[in-house]
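Worksheet: the structure to be examined is printed underneath.
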Amino acid sequence: DSNLSLLIQAFPYGEKRHLLLIQDVTDLQKADAMRRDFVANVSHEMRTPITVLMGFLETVQSIELDKSQQDHYFDLMMLQAQRMKSLVEDLLTLANLEANAIPASTQVVQLNTLMALIKNDAEALSQGSHGFSFEQKTTQNLFGDERELLSAFSNLVSNAIRYTPNGGSITARWGLNEQGQGEFSVTDTGPGIASEHLPRLTERFYRVDRSRSRDTGGTGLGLAIVKHIANRHQAQLLIESTPGKGSTFTLRFPKDRVANTETDLFSAIQ
Ligand code: ADP
């Protein structure tokens, strides 16, 4: 039985009793290998912006630059510093989510508020380069943790913006499906993702196209964070994508996470 991690057999042998201990260490070894990979990945991800930053610093130190050239280098350095900051922030978010043994809160999260916040962020991030549609198909809300849900929804919207070329369109939608489950989805008209990548997309630092992800300022941790938050809310993350056409990322929440607006909101206020 591969699920059996510890198998103990005791059997008599003449006068003495022997204890045979067989431990299946496959899971432990896997966990250890994953930890080592993770540390190697983090080191690599940190080293890149540091190396680039040092390169720019050397240039500024060794070459006589006029004011506009200097400003140009400072902007480039700021970009690298921001990359490191995002990486550290995402790592902390992930570590906090993993360390958090307390189940996600079950307070009523108002989708009106959440959608308004996401819309603001999306417009600030895209600066007019994409078309947006924010659709709220139901007045029902969600039981959950507002900060976590905002982080998950924003991650999906920010991915859609970052991977969809300028001029593309993005739709964020909140509604109920036929089974009464809550669904938050983000559809984009971006490059899409080939099916062989889909199963690995939520792994930390997994990227379909490394250089493109770097260009867009991604840390490689966004979908790992989304997946964690989904798990904490018993939600599924569904990804549908057609290369060349676009993608839809959906978070599907179980029925008992859907808050019946009038009654539940009333009891939450009380
Ligand atoms: P990153 O910081 O690299 O964006 P994520 O974990 O958010 O990391 O996403 C993992 C990978 O999934 C990305 O590098 C990208 O290749 C792919 N991806 C995510 N969202 C989209 C999208 N909307 N369209 C196309 N590819 C996407």
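The values are calculated or read from the model by the stated rules, or taken from the named source; none is laboratory data. Not measured: the values here are computed from a predicted model. All Cβ positions, even for glycine, are placed from backbone atoms using ideal geometry, and neighbour counts span all protein chains on display. To get the accessible areas, we keep the full protein, side chains included, count just its heavy atoms, and leave off ligands, DNA and RNA. Shrake-Rupley method; radii C 1.70, N 1.55, O 1.52, S 1.80 Å.
Summary of values
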read-out	value
Residues of the range 89-121 classified as out of contact with any Ser or Thr (no Cβ under 7 Å at 6 or more places or on another chain), part of a helix (DSSP H, G or I), closer than 23 Å to Phe134 by Cβ and open to solvent by 40 Å² or more (accessible area, probe 1.4 Å), total	6
So Ile239, is it in a strand (DSSP E or B), at pLDDT 95 or above and closer than 29 Å to Val39 by Cβ	yes
Filter pass, Gly244 being more than 18 Å from the chain's Cα centre (by Cα), open to solvent by 20 Å² or more (accessible area, probe 1.4 Å) and more than 29 Å from Asn100 (Cα to Cα)	yes
Which numbered condition Asp188 misses (of (1) open to solvent by 20 Å² or more (accessible area, probe 1.4 Å); (2) in contact with a strand residue (DSSP E or B) (Cβ under 8 Å, 6 or more places away or on another chain); (3) at pLDDT 95 or above)	(1)
Selected residue [part of a strand (DSSP E or B) and small (Gly, Ala, Ser)] from Ser129, Ser133, Ser158, Ser86	Ser133
Enumeration of residues in the range 159-192 that are over 16 Å from the mean Cα position of the chain (by Cα) and hydrophobic (A, V, I, L, M, F, W, C)	Ile170, Ala172, Trp174, Leu176
Residue identified as closer than 30 Å to Met77 by Cβ, within 12 Å of the ligand (Cβ to nearest atom) and either open to solvent by 70 Å² or more (accessible area, probe 1.4 Å) or touching a Ser or Thr at 6+ places or on another chain (Cβ under 7 Å) (or both) among Arg210, Arg200	Arg210
Some residue of the range 58-73 being in a loop (DSSP other than H, G, I, E, B), more than 28 Å from Gly220 (Cβ to Cβ), open to solvent by 60 Å² or more (accessible area, probe 1.4 Å) and touching a residue at least 24 places away in the same chain (Cβ under 8 Å)	no
Conditions (1) closer than 30 Å to Leu76 by Cα; (2) at pLDDT 95 or above; (3) β-branched (Val, Ile, Thr); (4) open to solvent by 10 Å² or more (accessible area, probe 1.4 Å); number of the one not met by Ile225	(4)
Test set (1) surrounded by 13 or more Cβ atoms within 10 Å (Cβ to Cβ); (2) away from the ligand (no atom under 16 Å from the Cβ); (3) aromatic (Phe, Trp, Tyr) - Phe132 fails condition number	(2)
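So that you can scan it fast, the table gives a plain yes or no per residue for (1) within 9 Å of the ligand (Cβ to nearest atom); (2) closer than 23 Å to Arg83 by Cα; (3) not basic (Lys, Arg):
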| site | (1), (2), (3) |
| --- | --- |
| Asn120 | no, yes, yes |
| Gln140 | no, no, yes |
| Leu150 | no, yes, yes |
| Asn159 | yes, yes, yes |
| Gly168 | no, no, yes |
| Trp174 | no, no, yes |
| Gly192 | yes, no, yes |
| Arg204 | yes, yes, no |
| Leu221 | yes, yes, yes |
